[in-house]
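One structure below.
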Amino acid sequence: FGVKVTKQGAFIASYDFYQAAFVQMEEITGDFEFVLPNNVFSLLAKEMKGQDYQLVITETSVYAYNDVFEYATAIPQSESSTVSFDDMQQLHSTLKGTTKKSGVGVKLKTEAINQMIENGRAIYEKDSTFEFDIKGDKCKLELKSSSGKISTVVMLEEKAGKDIAFSCDFHFFSSMMKKAGPTVKLTVIPERMLLFVNKPVIYMMSLS
């Protein structure tokens, strides 16, 4: 979980190898940057909700406190294969241009997708394949695993920019859909990633 604040505003990212969420806020300004393990930030957000507190971060530890609460923990050493916050900032800055040039918009009713997701839990396995096949004004959704196959066809809210097929992780997609309103608009960057904007947050996940 990374935070960078400048005089132009704040950039916040929560990320791993497979998915990420970005937020930009102009209301918060300053001059600082830090990265924390996501579980540490989640704990602070839960325990200190609605409270002011001081946060001290060093290369090896985190210390948070106010008049009624103190929390201290060591920061695990990052592995060389870990995605860096710099990588996320670079990715976010390039996404805008990439989305305009090669992104394909897909607009669907959330209820139709959630029904498919709910039915799919009966056969879901870790290596399940969740496939989208978009042609004209229709989208075929199919989940396949060693336990079986479930598929359905849903109508698009509006015709996509072009026919496209892709697959993604069922579990990650399901968690992303929990943030959706009645209608979800996805942006597909072929063979790379799937984007979902739920202002002010942009969710991103890699395609299979």
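For trypsin sites (Lys or Arg not before Pro), the sites in the range 106-157 that DSSP calls loop and that have at most 13 other Cβ atoms within 10 Å are R121, K126. Applying a DSSP loop filter and a limit of 10 other Cβ atoms within 10 Å to the chymotrypsin sites (Phe, Trp or Tyr not before Pro) in the range 6-108 leaves F17.
Show log10 I(q)/I(0) for the chain at q = 0.11, 0.16 Å⁻¹, two decimals, from a solvent-free Debye sum over equal Cα scatterers. Debye output, listed in q order: -0.64, -1.11. Backbone amide hydrogens, once placed in the peptide plane, bring I75 within less than 5 Å of S61, V62, excluding anything fewer than 5 places away on its chain.
Among the chymotrypsin sites (Phe, Trp or Tyr not before Pro) found in the range 88-177, not one is both in a DSSP coil and sparsely packed, with 10 or fewer other Cβ atoms within 10 Å of its Cβ. What's the longest uninterrupted piece of the chain once you rule out the GluC sites (Glu not before Pro) that are loop residues per DSSP with at most 11 other Cβ within 10 Å? Longest site-free region, per DSSP loop and neighbour criteria: 80-190. Net length available on complete extension from D127 to Y63 is 19.1 nm, with 0.36 nm assigned per residue and the Cα-Cα distance removed.
Rule-based calculations on the coordinates, nothing more; no lab input. Nothing here was measured: the structure is a model prediction, and the numbers come from that model. FYI the Cβ positions are ideal-geometry reconstructions off the backbone, even for glycines, and counts take in every protein chain you see.
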